Amino acid sequence: MDILLIALVVFCASAFFSMIGLGGAIFYVPFFYWLTGDFIFSVTTALFLNLTTSGSAAITYVRKHMVDFKTAIPFVIASTMGAQIGAFFTKIAPVDFLLFMLSLLMLFVGEEMIFSKVQILYKRKQIKGKLKYLLIVICGLLIGLISGMVGIGGGSLIVPLLLAIGFDIKRAAASSGFMVFFTSISAFIAHVSSWNPDLRLITYIIIAAFSGAQLGSHLMHSRVRAETLQKMFGIVLWLMAAKMLSGLL
């Protein structure tokens, strides 16, 4: 695929994902795997794009005071530890097993995007006190572990978690973007020694990811509603997961 076309795909994906608090690695990993056939390269590239996208969006969210730091900081500490452990397992686990795990995760995230079961279940409920912070730390470790293993930043899991503890969708998306940035950095550092990127390609997609995230984060702060886009993305994830699973059978 032409580099400019790849950059355009990354720009559009980055703009969309930053609107709903995701870094986009849940899309980038299978996308680059189909382009290259190299899972480790795809994971590391996705994490690099993830930290570029989420870092760009986080700048906007922090400036607009949309990030809940009391929740974000303990999560970040736990998830960065989990990401290092997950990256170790990537080096010893069979690629087909990792692809299978990623496919199942895509099916789960797609279901949540389409039906918003977590948001509906916990609507008008809040988890508070020690239970809230215990849940944040445990989920941070687990999400970090998954992030390190299959190359996602964890935003697709963090947003439902934040909705479950009482965040509204915009505050959850903004705080998730901040958390994803640090989780992605930790996982990327763990994988970078195995990465051999094409510098021209990386330059193009970094610019595309940063620009797209700036556009998406500003649109999210305005009157744009992300629910319809969310459902469309859920369907895309299901189709991608089905194609990936069919290739493993």
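Derivation of every value follows stated rules applied to the coordinates shown; laboratory data play no part. Small disclaimer: the values here were computed from a predicted structure and weren't measured. For neighbour counting, all protein chains shown are included, and Cβ atoms are generated from backbone atoms with ideal geometry for every residue, glycine included.
Please list, in order, the residues from segment 93-116 whose amide nitrogen is less than 13 Å from a point placed 7 Å along the Cα→Cβ vector of SER194.
Residues passing the 13 Å test: 93-99.
Starting with the fewest neighbours, write out CYS12, CYS139 ranked by other beta-carbon atoms found within 10 Å of each beta-carbon.
Ordered from fewest to most neighbouring Cβ atoms within 10 Å, CYS12, CYS139 come out as CYS12, CYS139.
Mind sorting LEU248, LEU102 by how few other Cβ atoms lie within 10 Å of their own Cβ, fewest first? Show your work: numbers first, answer last.
Working: LEU248 11, LEU102 26.
By the 10 Å Cβ count, ascending, the order reads LEU248, LEU102.
If we sort 82-92, 103-113, 47-57, 63-73 on the protection proxy, mean other Cβ atoms within 10 Å, highest first, what's the order?
Output ranking for 82-92, 103-113, 47-57, 63-73: 47-57, 103-113, 82-92, 63-73.
Give me the angle, in degrees from 0 to 90, between the Cα long axis of helix 169-191 and the longest principal axis of the Cα atoms of the chain, rounded to the nearest 10.
40 degrees
Using modelled backbone amide H atoms (1.01 Å from N, in-plane), which distant-in-sequence or interchain residues come within less than 5 Å of GLY166's amide H?
Amide H neighbours of GLY166: ILE127.
Expressed as an acute angle from 0 to 90° and rounded to the nearest 10, what is the orientation of the C-alpha long axis of helix 199-221 relative to the principal long axis of the chain?
The angle comes out near 20 degrees.
Label segment 60-118 by shape, choosing from rounded, prolate and oblate, from the square roots a ≥ b ≥ c of the eigenvalues of the Cα gyration tensor; if a/c is under 1.5 it is rounded, and otherwise prolate applies when a/b is larger than b/c, oblate when it is not.
In terms of gyration-tensor shape, oblate.
Could you tell me the calculated FRET efficiency between GLN84 and LEU248, based on Cβ-Cβ distance and R0 = 22 angstrom, to the nearest 0.05?
Here the calculated transfer efficiency is 0.20.
Spelling out what I want: for every residue of segment 103-109, take phi, set θ = phi - 60°, compute 6.51 cos²θ - 1.76 cosθ + 1.60 (Karplus), and round to whole Hz; glycine and proline get x.
4, 4, 5, 5, 5, 5, 5
Which residues does a label at LEU35 reach in segment 1-22, if reach means a backbone N under 17 Å from a point 7 Å past the Cα toward the Cβ?
Label zone hits: 1-17.
Under a cut-off of 14 Å between alpha-carbon atoms, report the aspartates and glutamates in cross-link reach of LYS91, not counting same-chain residues fewer than 8 places apart.
ASP38
Taking the Cα centre of segment 3-248 as origin, work out the dipole magnitude from +1 charges on Lys and Arg Cβ and -1 charges on Asp and Glu Cβ, in debye rounded to 20.
Details: 18 positive and 8 negative charges, 206 e Å.
It works out to roughly 980 debye.
The list (i) 25.8, 79; (ii) 17.8, 62; (iii) 16.5, 52 gives values of Rg and Dmax of the Cα atoms in Å, and only one came from this structure; which label was calculated from it?
Here the calculated entry is (iii).
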